[in-house]
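Here is the structure we will look at, set down as structure tokens.
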Amino acid sequence: MPAAPSVLTARALLLDMDGTLVNSDAVVERCWSRWAVRHGLDPREALKVVHGRQGYATMAVLLPDRPMEENHADNRAMLAEETADLDGVVPIGGAPAFMAAVAALPHALVTSADEPLARARMGAAGLRMPRVRVTAECVGASKPDPEGFLKGAAELGFDPADCVVFEDSEAGILAGRAAGMRVVGVGPRAGAFAPDVHVPDLTHVRVEADRADDAIRLHVDA
């Protein structure tokens, strides 16, 4: 018999973008494979660590001896390249309905993309841009540091323990846990990193608002 759905209760939701709401894997693989080849790296190995982090942090992992200012300069060029390449950017399964369901509920986008890239990808996927968002420009440290999620919770006005994170990557799941939040892992990457619950996509999540106690109940068919 199939397992009964899990139910998580929260007061606010913090949503990653790439791999969670938007499938941008095709663009990421194109851009980062070119970057890896230019730097004499194996693209297959590079792609194992790019998801979830800001570009400069990925570069620091892959080229540990390179000065950080070079990583930041390269990252600016990478962001521009990714923003211009929207071929194959589509919504994750269930994302349009999910975003409609949370529209009137406390939620924020917490992404390693900068504002132009986030707007470009959400637009290409046909998804509404949340009013509250924490993009790369808003933080001093990349995931897996919890700064972005903690800022999102603070801007929404909720304690970390009252928030549930939706994430797809190891760096993002570690960041959510470090922030003291529960994590719904989304997609094929997430299952390996022990989120609280794991779903193939957002068609497996039903959002219910309980107006009596201002709670958000997430019915998760894992």
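The values are calculated or read from the model by the stated rules, or taken from the named source; none is laboratory data. Since this is a predicted model, take the numbers as computed values, not measurements. All Cβ positions, glycine included, derive from the backbone under ideal geometry; neighbour counts span all protein chains shown. Side chains are part of the model used for accessible areas, which takes the heavy atoms of the whole protein and leaves out ligands, DNA and RNA. Shrake-Rupley method; radii C 1.70, N 1.55, O 1.52, S 1.80 Å.
What the table below lists for this structure:
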{"quantity": "Candidates Asp87, Asp65, filtered to the one that is assigned to a loop (DSSP other than H, G, I, E, B), charged (D, E, K, R), more than 20 Å from the chain's Cα centre (by Cα) and surrounded by fewer than 17 Cβ atoms within 10 Å (Cβ to Cβ)", "calculated": "Asp65"}
{"quantity": "Residue count, region 22-44 (criterion: open to solvent by less than 20 Å² (accessible area, probe 1.4 Å) and among the charged types (D, E, K, R))", "calculated": "0"}
{"quantity": "Single condition Val7 does not satisfy, out of (1) open to solvent by less than 40 Å² (accessible area, probe 1.4 Å); (2) part of a strand (DSSP E or B)", "calculated": "(1)"}
{"quantity": "Candidates Ala178, Ala136, Ala154 - the one that is in contact (Cβ under 8 Å) with a residue 24 or more places away in the chain, among the hydrophobic types (A, V, I, L, M, F, W, C) and open to solvent by 60 Å² or more (accessible area, probe 1.4 Å)", "calculated": "Ala178"}
{"quantity": "Those residues of region 44-62 which are over 16 Å from Ala77 (Cα atoms) and part of a helix (DSSP H, G or I), in sequence order", "calculated": "Arg44, Glu45, Ala46, Val61, Leu62"}
{"quantity": "Complete set of residues in region 192-222 that are closer than 25 Å to Glu147 by Cα, open to solvent by 40 Å² or more (accessible area, probe 1.4 Å) and either free of Cβ contacts under 8 Å to residues at least 12 places away in the same chain or in contact with a helix residue (DSSP H, G or I) (Cβ under 6 Å, 6 or more places away or on another chain) (or both)", "calculated": "Phe193, His198"}
{"quantity": "Members of region 108-123 that are free of Cβ contacts under 8 Å to residues at least 60 places away in the same chain, surrounded by 18 or more Cβ atoms within 10 Å (Cβ to Cβ) and either outside any helix (DSSP H, G or I) or out of contact with any helix residue (DSSP H, G or I) (no Cβ under 6 Å at 6 or more places or on another chain) (or both)", "calculated": "Asp114"}
{"quantity": "Filtered residues of region 180-204 (kept if farther than 18 Å from Asp162 by Cβ, of a type in the set (A, V, I, L, M, F, W, C) and assigned to a strand (DSSP E or B))", "calculated": "Val186, Val199"}
{"quantity": "Test result for Asp159, open to solvent by 70 Å² or more (accessible area, probe 1.4 Å), at pLDDT 95 or above and either within 23 Å of Arg131 (Cα to Cα) or touching a Lys or Arg at 6+ places or on another chain (Cβ under 6 Å) (or both)", "calculated": "yes"}
{"quantity": "Residue match in region 164-175 (condition: without any contact (Cβ under 8 Å) to a residue 40 or more places away in the chain and either surrounded by fewer than 16 Cβ atoms within 10 Å (Cβ to Cβ) or in a loop (DSSP other than H, G, I, E, B) (or both))", "calculated": "no"}
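For every residue, the table says whether it meets (1) surrounded by fewer than 16 Cβ atoms within 10 Å (Cβ to Cβ); (2) at pLDDT 95 or above.
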{"residue": "Leu15", "(1), (2)": "no, yes"}
{"residue": "Ala46", "(1), (2)": "no, no"}
{"residue": "Ala57", "(1), (2)": "no, no"}
{"residue": "Asn75", "(1), (2)": "no, no"}
{"residue": "Ala100", "(1), (2)": "yes, yes"}
